[in-house]
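First the structure, in the form of structure tokens, and then the observations on it.
The values are calculated or read from the model by the stated rules, or taken from the named source; none is laboratory data. In this text the structure is predicted, and so the values were computed from the model without any measurement. Every residue, glycine among them, receives a Cβ derived from its backbone with ideal geometry; neighbour counts consider all protein chains shown. To get the accessible areas, we keep the full protein, side chains included, count just its heavy atoms, and leave off ligands, DNA and RNA. Shrake-Rupley method; radii C 1.70, N 1.55, O 1.52, S 1.80 Å.
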Amino acid sequence: AQSVTQLDSHVSVSEGTPVLLRCNYSSSYSPSLFWYVQHPNKGLQLLLKYTSAATLVKGINGFEAEFKKSETSFHLTKPSAHMSDAAEYFCVVTTTGGFKTIFGAGTRLFVKA
Amino acid sequence: GAGVSQSPRYKVAKRGQDVALRCDPISGHVSLFWYQQALGQGPEFLTYFQNEAQLDKSGLPSDRFFAERPEGSVSTLKIQRTQQEDSAVYLCASSFLGEYEQYFGPGTRLTVT
């Protein structure tokens, strides 16, 4: 069975400081992993994806994530937070074939001026 | 081009009523997904279509939930005899076959009173 655990329900950072959103996964085989962002009153948008190529994945808006198999982690980072980054972030795992999709509970990112 | 559209955007139903939620995927997208997102939670997988074939319906919470995609394009999620616990945002997503990125619609917010 697959599962995703987002370790923080809320993260608060100051503008210009680094962002770290933590995600651990459980999968019986090589997973495909994703981060999606959901801004208030907007649809879910893909930030980045890992599908067994490079372990360090770069996404949109300066975000990146590193797949660490030994730690079963896929943490999302950004060197410098911007006010517009304030949103809900979801870590996601899919089955091989890409249809059974499991979302984490989400991490709400707050960015202080 | 047009993204995934869903209608209605908001639906209020009295307990016991039947509702039908519509999803128009992106043209050419073979894969179509339905999710249920309760307040403060991550989306939960309901069902998956590949063209008109419903390949996975393991996430449908009860036999009151039914989804169809008869011509392989538009999909309808039907909920019979709605209950208060059905109140949630219902999300639809579509993708190309074999492409992991899912494109999400804005969702239908269902409130059962």
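Observations on the structure shown:
- Residue match in segment A:76-84 (condition: within 14 Å of chain B (Cβ to nearest Cβ) and either without any contact (Cβ under 8 Å) to a residue 60 or more places away in the chain or surrounded by fewer than 16 Cβ atoms within 10 Å (Cβ to Cβ) (or both)): no
- Applying a threshold of 7 Å to beta carbon distances and a minimum spacing of six or more residues, or different chains, the list of pairs starting in segment B:55-70 at a residue that is within 14 Å of chain A (Cβ to nearest Cβ) and within 18 Å of A:THR95 (Cα to Cα) and ending at one that is among the basic types (Lys, Arg) and surrounded by 16 or more Cβ atoms within 10 Å (Cβ to Cβ) reads B:ASP56/A:LYS100.
- Selection within segment A:85-113: residues that are open to solvent by 10 Å² or more (accessible area, probe 1.4 Å), of a type in the set (A, V, I, L, M, F, W, C) and more than 9 Å from chain B (Cβ to nearest Cβ). The member of this set that is farthest from A:SER52 (Cα to Cα) is A:ALA113.
- Only one of the listed residues (A:LEU33, A:LEU20) is within 11 Å of chain B (Cβ to nearest Cβ) and assigned to a strand (DSSP E or B). That residue is A:LEU33.
- Every listed requirement among (1) farther than 28 Å from A:ARG108 by Cβ; (2) open to solvent by less than 10 Å² (accessible area, probe 1.4 Å); (3) acidic (Asp, Glu) is met by B:ASP86 save one, (1).
- Residue check for A:SER73: open to solvent by 50 Å² or more (accessible area, probe 1.4 Å) and more than 9 Å from chain B (Cβ to nearest Cβ): no
- Single residue of segment B:1-37 satisfying the filter (polar (S, T, N, Q) and closer than 26 Å to B:GLU99 by Cβ) that is most open to solvent (accessible area, probe 1.4 Å): B:SER27
- Scanning segment B:38-52 for residues that are of a type outside the set (D, E, K, R), away from chain A (no Cβ under 14 Å) and either surrounded by fewer than 21 Cβ atoms within 10 Å (Cβ to Cβ) or not in a loop (DSSP other than H, G, I, E, B) (or both) turns up nothing.
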